[in-house]
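Take a look at the structure set out below.
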Amino acid sequence: MSSSKNIFIISVCGGVLLGALLGVYIIAPQTTSAISSTAGDSPPEPLYWVAPMDPDFRRAAPGKSPMGMDLLPVYADSSANKNSPGTVTIAADVINNLGVRTAQARYGEFTQTITAPATIQFNEDQLQRVQPRVEGWVQKLYAHAEGDTVTAGEPLYTLYSPALVTAQEQFLMALERNNQELSMSAEQRLLNLEIAPSIINEIKRTRTALHSITLLAPRSGVLSELNIREGDYVAPGKAIATIATLDSVWAIADIIGGQSSSIAIGDQASLSIDGIPNRTWSAAVEYIYPTLSEVNRSQRLRLKIDNDTRILKPNMFARVNLTQQANTKSVIIPKEAVIRSSEQNRVVLALGNGRFKAVAVKTGKFNDREAEIIHGIEANDEVVVSAQFLLDSESSKDSDFIRMNHSNAPSAKVTP
């Protein structure tokens, strides 16, 4: 009985040991194969590492950002790029509530428009000074005030001058002697003293010297200056009047700031007057003054404006719009899409599917509607043109959008 019991116990133990050995033989290879298979699927390698608070700070290896934070990896696959630092995701209804609008960046030639105040002035190229060539006294003045209109060939003032009387008498003596050479010389002297040919012919006909000579206006226009009155004594070298014309006028524009560096002679411009609606005048930059204004340190430009209708008057205030066409093409976006700061300029990109990201850009020129982008985004990128300040704030902080959401909307998510 005892021996049979021992035999049974030995048999059971042998079976258990044999089963354990078979289990090791069968199961162990399967486990080893699973482990080796798992080890073969290595994780993807990051393209680069970025700072959590500044996606533009990139490094080829892990490390610390300038703020002491651990750098985050950016992967090549689309799912990793979706979770790049600074990308925020918002629900569609929240986008609608925020009034987010976007526009597409385009590639083309940037047109810059510079607006500057201007003042209308007389065209100084057409000013003519009136100066007597002999001394004498003004007996009669036919134009009485600045702004009076004068016509070429009509009387301007009457002068009594002993020197003119003497010149006439010498001319009459030459005529009496019938000396042709002397007569021509005396007549030329009267012409040089601005005696009109009609008056010289009258002296020839009457053979009498005139005690008072009427001097005529040399050209048509308006008197911009009048420095004499009846009874005044005048002499050579003293300007008694200035005659200006209104056929054309000058517009003197003041360019404030650093915009003047890109302006060149020949640039096209348009001029408008606030008091004259629906009317503009075309002109080109004729002259750039070599010195700045002493009052506001502005750069002064001169434009010549045709004024056949005489509607433009000196001392009018005007507005000049200078248009400059770029020689090269660049990326152009709406001006309101650019978020300006003292440190850098940024633009919020719409990545699709409710995802947005703020990126730093290098800007060029600005006009009243558009901005030139030199670096940072590409053509056909979608940029945010409204609510971009809020999106930029959240993208920069990598925070969530819960505070912008209503109670029934799903929580907005910021991916780290």
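The values are calculated or read from the model by the stated rules, or taken from the named source; none is laboratory data. Quick caveat: nothing in here was measured; it's all calculated off a predicted structure. Here the Cβ is made from the backbone with ideal geometry for all residues, glycine too, and neighbour counts use every protein chain on show.
See the values below:
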quantity	calculated
Cross-chain or 6+ apart pairs with Cβ under 6 Å, the range 136-147 first and closer than 12 Å to residue 224 by Cβ, then part of a strand (DSSP E or B)	143/150; 143/223; 146/223; 146/226; 147/222
Count - residues of the range 331-370 that are over 13 Å from residue 102 (Cα atoms) and under 17 Å from the mean Cα position of the chain (by Cα)	12
Every residue from the range 177-207 that is without any contact (Cβ under 8 Å) to a residue 12 or more places away in the chain and within 60 Å of the chain's Cα centre (by Cα)	188, 191, 197, 198
Members of the range 306-328 that are more than 30 Å from residue 107 (Cα to Cα) and either of a type in the set (Ser, Thr, Tyr) or exposed (fewer than 11 other Cβ atoms within 10 Å of the Cβ) (or both)	308, 309, 315
Hits in the range 208-228 - residues which are within 46 Å of the chain's Cα centre (by Cα) and β-branched (Val, Ile, Thr)	222
Strands (runs of 3 or more DSSP E) contained in the range 252-338 and holding at least 1 residues among the small types (Gly, Ala, Ser)	268-273, 276-292, 317-334
Hey, residue 239 at pLDDT 85 or above, in contact with an Asp or Glu (Cβ under 9 Å, 6 or more places away or on another chain), part of a loop (DSSP other than H, G, I, E, B) and among the hydrophobic types (A, V, I, L, M, F, W, C) or not	yes
Any hit, the range 208-231, residues being free of Cβ contacts under 8 Å to residues at least 40 places away in the same chain and β-branched (Val, Ile, Thr)	yes
Residue check for residue 168: more than 29 Å from residue 128 (Cα to Cα) and among the polar types (S, T, N, Q)	no
Residue among 139, 121, 170, 112 that is within 20 Å of residue 235 (Cα to Cα) and either modelled with pLDDT of 90 or more or part of a strand (DSSP E or B) (or both)	139
Given (1) closer than 28 Å to residue 109 by Cβ; (2) touching a helix residue (DSSP H, G or I) at 6+ places or on another chain (Cβ under 9 Å); (3) of a type in the set (A, V, I, L, M, F, W, C), index of the condition residue 360 fails	(2)
Residue in the range 119-126 that is exposed (fewer than 14 other Cβ atoms within 10 Å of the Cβ) and closer than 30 Å to residue 267 by Cα present	yes
Residue 50 being surrounded by 15 or more Cβ atoms within 10 Å (Cβ to Cβ), under 18 Å from residue 360 (Cβ atoms) and modelled with pLDDT of 75 or more	yes
Considering residues of the range 283-305 that are polar (S, T, N, Q) and touching a residue at least 12 places away in the same chain (Cβ under 8 Å) only, the residue surrounded by the fewest Cβ atoms within 10 Å (Cβ to Cβ)	296
Residue identified as modelled with pLDDT of 90 or more, within 14 Å of residue 164 (Cα to Cα) and in the same structural domain as residue 136 (by TED's automatic domain parsing) among 189, 229	189
Any hit, the range 169-178, residues being touching a Phe, Trp or Tyr at 6+ places or on another chain (Cβ under 8 Å) and of a type outside the set (Ser, Thr, Tyr)	no
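Conditions (1) surrounded by 17 or more Cβ atoms within 10 Å (Cβ to Cβ); (2) under 17 Å from residue 111 (Cβ atoms); (3) in contact with a strand residue (DSSP E or B) (Cβ under 7 Å, 6 or more places away or on another chain); (4) free of Cβ contacts under 8 Å to residues at least 60 places away in the same chain, marked per residue:
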position: 335; (1), (2), (3), (4): no, yes, yes, yes
position: 344; (1), (2), (3), (4): no, no, yes, yes
position: 350; (1), (2), (3), (4): yes, no, yes, no
position: 377; (1), (2), (3), (4): yes, no, yes, no
position: 383; (1), (2), (3), (4): yes, no, yes, no
